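I have placed the structure first, in the form of structure tokens, so that the comments after it can refer back to it.
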Amino acid sequence: MKTRKSKALFERAKTLIPGGVNSPVRAFKTVGGDPIFMSRAKGAYLYDEDDNAYIDLINSWGPMILGHANEEVEKAIFEAVKSSTSFGAPGRREVEIAELIIEMVPSIEKIRMVNSGTEATMSAIRLARGYTGKNKFIKFEGCYHGHGDAFLVAAGSGSATLGVPDSPGVTKGTSRDTLLAPYNDLKAIDRVLAENENEICAIIVEPVAGNMGCVLPNDDFLEGLRARCDVHQILLIFDEVMTGFRLSAGGAQELLGVKPDLTTFGKIIGGGLPVGAYGGSREIMNQIAPEGPIYQAGTLSGNPVAMAAGLTILRKLHEHPEIYKQVEQTTRQITTGITRILSRQGLRYTINQIGSMYSLFFTDQEVTNFETAKSTDAQLFGAYFRGMLSRGIYLAPSQFESLFISNVIQSAEVAAVLKATEEVLLEMHEKK
Ligand SMILES: *Cc1c(COP(=O)(O)O)cnc(C)c1O
């Protein structure tokens, strides 16, 4: 595999951009090697600067559920661009996307658009604090809610990969109001609630975790959170930045049948452009400025080009719910294929899967929380990642990430992924 141009770009980037990347998860620090610079992508494939092709199993960390450069999304963007890329005043598409989201996600009666998932979760916590008049909130170890100060405590994903659970620059005062509990542990929640009576405004959770690898909620976990929030008058916030419009048209809350008070979105909602959103009941959302006293704003929020992309992808998903069956089926073909390979080779690694999200963990333990996710063997994952990359399969460069399957991955790509997996695991095993 030629990587001369990628390497040259990375050398330049390192002198100009911290670590040579604009988001730490793109670095290859924990898997070894240098990041690959992409020049274009179409459908199921990424193409790098040296013209290598890769089957994309990460899909921009979720947004590209219809594959890359989808023609309808492209057309909508081009159409919007012709009428200016920003008005700084309200536009028709903002109303249309709000109507559509409210129709797709029943717990939402009002919604506010922002520019990233990070903004959505920061705003949701401010709203929860302002609405309840309480300051503390509970988050789960290994869940990631963007890089807002208050969330950078045991934040999974990028920070787990890089081993900086508490970032310098986050004050003790800020993280003091962030309470932690292990994922899937209602007893721990009860302890935290008892110790902080009448001080907690919200519990924020990834209803299916994707930022410690793909970790599913136990049967009673989300319902248990819902019940406790009702008893203690705490807002339940589902961070559906990953799972929204990914696990079903109504997100994880529809699939799993638990209704949060507030929901945050990102990733798919922008169809590949930078968009986030948060929403909930009319009563709570009416607290946001200019209707209410809680301030939150954005110069480019509801940007017409971004709304055009988001609207197109959401309409497609709304009108074609069979897409969810299809991406789940494709994902199952991959995960059952990998399971078969593992048993043929006598390996006991763990696969978690739901809908079009999955992770292969290099551990023989069941992975149900951050603790068990961390039992994975980083060396083995690194070898697996590099082996797959050299065979043209692009995975997330970290064990603590979920993979995301798009609807343009066909049987040929599934076969290629399984063939590569079989070869790489065999090679890793022989070397040991
Ligand atoms: C990606 C992600 C975020 C942050 O979104 P950005 O757009 O990267 O700021 C927040 N929460 C979850 C669950 C995410 O997966």
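Rounded to the nearest 0.05, the FRET efficiency derived from the C-beta distance between ASP377 and PHE78 at R0 = 51 Å is 0.65. Just checking the listed ones, SER123, SER406, SER281: in the Gaussian network model of the chain with Cα springs under 10 Å, the one fluctuating most is SER281. Per-residue ellipticity at 222 nm from helix content only, as computed over the chain with -39500 (n - 2.57) for each DSSP H run of at least four residues, stands at -12500 deg cm²/dmol.
A straight line joining the Cα centroids of the stretch 186-216 and the stretch 3-19 runs 40 Å.
Build a GNM of the chain with springs between Cα atoms under 10 Å: which of ASP177, ASP230, ASP56 gets the top mean-square fluctuation? Highest fluctuation among the options: ASP230. The fraction of accessible area contributed by carbon and sulfur in the chain is 51 percent, rounded to a whole number (1.4 Å probe; ligands and nucleic acids excluded). Summing +1 for each Lys or Arg and -1 for each Asp or Glu among the other residues whose beta-carbon sits under 15 angstrom from that of SER343 gives +1.
Free of any GluC sites (Glu not before Pro) that DSSP assigns to a loop and that have at most 16 other C-beta atoms within 10 Å, the longest stretch within the chain is 1-108.
The chymotrypsin sites (Phe, Trp or Tyr not before Pro) of the stretch 340-432 include none that DSSP puts in a loop with a beta carbon having at most 16 other beta carbons within 10 Å.
Counting Lys and Arg as +1 and Asp and Glu as -1 over every other residue whose Cβ lies under 12 Å from the Cβ of GLY67, the net charge comes to -3.
Taking all protein chains into account, the per residue accessible area for the chain stands at 43 Å² (1.4 Å probe). Applying a threshold of 31 Å to the alpha-carbon distances of LYS42/LYS325; LYS110/LYS136; LYS139/LYS419 flags LYS139/LYS419 as lying beyond it. Each other residue within a Cβ distance under 11 Å of MET212 adds +1 if Lys or Arg and -1 if Asp or Glu, for a net charge of -3.
For THR336 and LYS259, the difference between the fully extended length at 0.36 nm per residue and the C-alpha to C-alpha distance is 24.6 nm. Once the Cβ-Cβ distance of ARG191 and ARG40 is raised to the sixth power relative to R0 = 56 Å, the FRET efficiency obtained is 0.65. GNM remark for the chain: springs join alpha carbons under 10 Å apart, and the peak mean-square fluctuation among GLY272, GLY130, GLY346 falls on GLY346.
Whole angstrom only: what separates the Cα centroid of the stretch 298-348 from the Cα centroid of the stretch 370-430? Centre-to-centre (Cα) distance: 17 Å. Loop-located trypsin sites (Lys or Arg not before Pro) across the stretch 1-109 with a Cβ neighbour count of 14 or fewer within 10 Å are LYS2, LYS82, with loop assigned by DSSP.
Looking at this model, which pairs from LYS14/LYS134; LYS29/LYS134; LYS14/LYS374; LYS7/LYS316; LYS259/LYS374 are more than 32 angstrom apart at the alpha-carbon? Violating the 32 Å limit, Cα to Cα: LYS14/LYS134; LYS29/LYS134; LYS7/LYS316.
The values are calculated or read from the model by the stated rules, or taken from the named source; none is laboratory data. What you are looking at is a predicted structure, and each value in this text was computed from that prediction instead of being measured. So basically every Cβ, Gly included, is an ideal-geometry build from the backbone, and we count neighbours across all protein chains shown. We work out accessible area using only protein heavy atoms, side chains counted, and drop any ligands, DNA or RNA first. Shrake-Rupley method; radii C 1.70, N 1.55, O 1.52, S 1.80 Å.
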